[in-house]
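To start, the structure under review is shown below, and the notes come after it.
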Amino acid sequence: MWFLTGTDTGVGKTYAACLIVRALRRAGLKAAGFKPICCGDRDDAIALQAAGDPAIPINDINPVWLRTPAAPYTACVVENRTLDLDLIRDRYRALRAQCDSVVVEGIGGWLVPLTAECSIADLAAEFSLPVAVVVANRLGAINHTLLTVENIRARGLTCAGLILNNLPDSTDDVASHTNRSVLEELTRLPILFEIQARQREIELTLA
């Protein structure tokens, strides 16, 4: 399916991932969300588990849980831990083997460091999934989106499109009304879907 990244932290990646997983399940597919790393609480992984098959253990959905609410690299330094990338790879392969579709949710933005040598972007490249960018529809979205899409393309990865998220506290301003059309024009990417505040379901066109 897709590797979901965001233009920043808190832009609604988990919300979007859960909508996608539920839509895939309504279409008759065995679908699951995969959150390789959680930092701080584990709410994102719990939400993904609820959206997918509850029988899949939380540790398969989220193999690495760091308690420090910071970037994974920072959290590992604080906790004196080494990030287990092999565990993440193993759990991902296992989930792919038992599901028709797996939606991978990154952590924070596109270049968040996992280790001193590896970022979330490098992990996305390993998984070889098309990347979908979740964009909070607010002032600043254009710059953040263009920077993210440019780096995805520079790495030779496929950017499948954008997911525009109208957060519940979004400001009703010129930017929020024009971001969609401007982003479509400047990125030459489709808006895969647009999330309205507190939207419960989406329709997906499955290839």
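Side notes on the structure shown:
- Which numbered condition Leu167 misses (of (1) within 28 Å of Tyr92 (Cβ to Cβ); (2) within 17 Å of the chain's Cα centre (by Cα)): (1)
- Yes/no for Ala71 being under 17 Å from the mean Cα position of the chain (by Cα) and assigned by TED's automatic domain parsing to the domain that holds Leu48: yes
- 3 or more residues over 21 Å from Pro72 (Cβ atoms) and at pLDDT 95 or above: qualifying helices (runs of 4 or more DSSP H) within region 108-205: 141-154, 174-187
- For region 2-21, a residue qualifies if it is assigned to a helix (DSSP H, G or I) and either hydrophobic (A, V, I, L, M, F, W, C) or closer than 15 Å to Ile61 by Cβ (or both), and the qualifying residues are Lys13, Thr14, Ala16, Ala17, Cys18, Leu19, Ile20, Val21.
- Ala31 being modelled with pLDDT of 95 or more, among the hydrophobic types (A, V, I, L, M, F, W, C) and surrounded by fewer than 24 Cβ atoms within 10 Å (Cβ to Cβ): yes
- Residues that are within 15 Å of Glu105 (Cβ to Cβ) and assigned to a loop (DSSP other than H, G, I, E, B) were ranked within region 26-37; the one that is farthest from the chain's Cα centre (by Cα) is Pro36.
- Test: Leu183 is over 13 Å from the mean Cα position of the chain (by Cα), crowded, with 21+ Cβ neighbours inside 10 Å, over 13 Å from Val11 (Cβ atoms) and not small (Gly, Ala, Ser): yes
- Against the conditions (1) surrounded by fewer than 24 Cβ atoms within 10 Å (Cβ to Cβ); (2) among the basic types (Lys, Arg); (3) closer than 21 Å to Asp90 by Cβ, Arg25 satisfies every one except (3).
- Where helices (runs of 4 or more DSSP H) fall entirely within region 38-87, those with at least 3 residues that are without any contact (Cβ under 8 Å) to a residue 60 or more places away in the chain, at negative phi and among the hydrophobic types (A, V, I, L, M, F, W, C) are at 43-51, 72-79.
- The conditions of being surrounded by fewer than 22 Cβ atoms within 10 Å (Cβ to Cβ), charged (D, E, K, R) and at pLDDT below 95 are met by Asp53.
The values are calculated or read from the model by the stated rules, or taken from the named source; none is laboratory data. Here the structure is a predicted model, which means the values were calculated and not measured. Every residue, glycine as well, gets a Cβ built from its backbone with ideal geometry; the counts of neighbours run over all protein chains shown.
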